[in-house]
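So the structure is just underneath, and the comments pick up after that.
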Amino acid sequence: MTVATARLGFGVTFTDHMVVANWSQATGWTPLSLTRNAPLSLHPAAMSLHYGQAIFEGLKAYRQPDGTAALFTPHRNAERFARSAARLAMPQLPPDAFIEACELLVRADAEAIPGGFGQSLYLRPFMIATEASLGVRAATEYLFAVIASPVDHFFASGAAAIDVWCESRHSRAASGGTGEAKCAGNYAGSMPAKAAAVARGCHEVLWLDAAEGNWVEELSAMNFFCVRQPAGDQPELLTPPLGGTILHGSTRAALLTLAGDHGVKVTERPIALAELLDPDSPITEAFACGTAATVVPIGGFASENGQRRLPTEGVGPVTTMMLEALMAIQYGRSPDTHRWMHRVDGVSLP
Ligand SMILES: *Cc1c(COP(=O)(O)O)cnc(C)c1O
């Protein structure tokens, strides 16, 4: 597949506008307001800066062949945002307002949606506590905003595989913790392991369960899949079950459905690290998935207990099929049979 080559990078340039709403305990949510993208003014005691009440989402608007723009499954993001808010004792934004905020921004900045295959307008909704107080409790004032950034396909080189470091020293999420909330702190806690992984020549961290350090969970910002195919058998797509420590990825959910559409058997079951590292294991492909990167092949695993390269260098037939099938729907090249694409009214691009 050819991917547009113009370099937009990821999340480095922003569109002209943003959408903002404020919440206070006394008055609830203000109406959404479309404004110029401009620096925020925060009191230095704003509670998000101290106690970490900060959550976010990520979703994309895709330019369609008929000149309209469509968001991919925004309802999932809206509902997840509300769950993340509840987990951090933050106010819930009604899902309809979340989607309306995204639509307002896409409409205002529609000409910034890049047109290349693989390119899109990445939307970053987020909410932070703004109340000025050092008291340790849930804040009583919050800011919700959406900003937008035109982006390339995350890995603009197309099908380049990444190597992952299977992390056994730090953990990302423990049972009962915040692992399935999309909160800022989860990312901060993952960064030393990521830096160590990069120093070892890997690209990303593959997190293991916090209790036993034995079961594969996900990457820092992407869910994990692998393909099991004993010689002579049909391929089976595997992913760990969601159980409170794994983020409910919208890409993950879509791929589970798409695999079924394409006749690939899918199983959600625990995957032991040893199963990935065993040189004789019938794991033939692996990939990570998320909104930013769609589907990223994994070429090899490294860990304290050895390493393994996958026979296909990760770029195998099932991985490629999943990526192409999903992108075809997102870019309006194949029928949207599951009604995943949410048209933004009032956008007409050349
Ligand atoms: C955002 C995120 C994902 C991917 O979710 P999508 O909805 O597919 O973008 C996976 N894992 C973590 C930890 C995340 O924060």
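The values are calculated or read from the model by the stated rules, or taken from the named source; none is laboratory data. Here the structure is a predicted model, which means the values were calculated and not measured. Neighbour counts are summed over all protein chains in view; Cβ atoms, including those assigned to glycine, are modelled from backbone coordinates with ideal geometry. With ligands, DNA and RNA removed, areas are computed over all heavy atoms of the protein, side chains included. Shrake-Rupley method; radii C 1.70, N 1.55, O 1.52, S 1.80 Å.
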Checklist entry - Looking at segment 69-81, which of its residues are out of contact with any strand residue (DSSP E or B) (no Cβ under 8 Å at 6 or more places or on another chain) and open to solvent by less than 10 Å² (accessible area, probe 1.4 Å)? => result A78
Checklist entry - Which residues, counting only those in segment 3-29, are hydroxyl-bearing (S, T, Y) and open to solvent by 60 Å² or more (accessible area, probe 1.4 Å)? => result T5, T13, T27
Item to check | Hey, I99 in contact (Cβ under 8 Å) with a residue 40 or more places away in the chain and either within 24 Å of A254 (Cα to Cα) or within 16 Å of the ligand (Cβ to nearest atom) (or both) or not | outcome: yes
Checklist entry - Looking only at segment 320-346, which residues are among the β-branched types (V, I, T) and at pLDDT 95 or above? => result I329, T337, V344
Next on the checklist: Condition (residue is polar (S, T, N, Q), in a loop (DSSP other than H, G, I, E, B) and buried (at least 17 other Cβ atoms within 10 Å of the Cβ)) applied to segment 58-68: is it met by at least one residue?
Outcome noted: yes
Checklist entry - Does segment 295-328 hold any residues that are buried (at least 20 other Cβ atoms within 10 Å of the Cβ) and among the aliphatic types (A, V, I, L, M), and which are they? => result V295, V296, I298, L310, V318, M322, L323, L326
Checklist entry - Going by the conditions given, is L323 of a type in the set (A, V, I, L, M) and either under 22 Å from H153 (Cα atoms) or within 11 Å of the ligand (Cβ to nearest atom) (or both)? => result yes
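For (1) open to solvent by less than 40 Å² (accessible area, probe 1.4 Å); (2) in a strand (DSSP E or B), each residue gets a yes or a no:
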{"position": "G116", "(1), (2)": "yes, no"}
{"position": "L123", "(1), (2)": "yes, yes"}
{"position": "A145", "(1), (2)": "yes, yes"}
{"position": "S149", "(1), (2)": "yes, yes"}
{"position": "H153", "(1), (2)": "yes, no"}
{"position": "A160", "(1), (2)": "no, no"}
{"position": "W165", "(1), (2)": "yes, yes"}
{"position": "S175", "(1), (2)": "no, no"}
{"position": "A181", "(1), (2)": "yes, no"}
Checklist entry - Only one of (1) open to solvent by less than 60 Å² (accessible area, probe 1.4 Å); (2) closer than 20 Å to V318 by Cα; (3) not in a strand (DSSP E or B) fails for Q234. Which number is that? => result (1)
Checklist entry - If you take the residues of segment 282-300 that are part of a loop (DSSP other than H, G, I, E, B) and within 13 Å of R252 (Cα to Cα), which of them is nearest to the ligand (Cβ to nearest atom)? => result T291
Checklist entry - Is there a residue in segment 175-192 that is closer than 28 Å to P282 by Cα, out of contact with any Phe, Trp or Tyr (no Cβ under 7 Å at 6 or more places or on another chain), free of Cβ contacts under 8 Å to residues at least 40 places away in the same chain and within 16 Å of the ligand (Cβ to nearest atom)? => result no
Next on the checklist: Can you pull out every residue in segment 211-236 that is away from the ligand (no atom under 16 Å from the Cβ) and more than 25 Å from P192 (Cα to Cα)?
Outcome noted: V227, R228, Q229, P230, A231, G232, D233, Q234, P235, E236
Checklist entry - Any idea which of A288, A272, A253 is of a type outside the set (S, T, N, Q), in contact with a Phe, Trp or Tyr (Cβ under 9 Å, 6 or more places away or on another chain) and closer than 30 Å to D152 by Cα? => result A288
Checklist entry - How about segment 19-57: which of its residues are polar (S, T, N, Q) and part of a loop (DSSP other than H, G, I, E, B)? => result Q25, T27, T30, N37, S41, Q53
Next on the checklist: Given the options V266, V315, name the one that is over 19 Å from the mean Cα position of the chain (by Cα) and either farther than 27 Å from G11 by Cβ or outside any loop (DSSP other than H, G, I, E, B) (or both).
Outcome noted: V266
Item to check | segment 237-259 - residue that is open to solvent by 50 Å² or more (accessible area, probe 1.4 Å) and out of contact with any helix residue (DSSP H, G or I) (no Cβ under 7 Å at 6 or more places or on another chain) and, of those, nearest to the ligand (Cβ to nearest atom) | outcome: L242
Next on the checklist: Consider segment 108-150. How many of its residues are in contact with a strand residue (DSSP E or B) (Cβ under 7 Å, 6 or more places away or on another chain), closer than 26 Å to L206 by Cβ and modelled with pLDDT under 95?
Outcome noted: 0
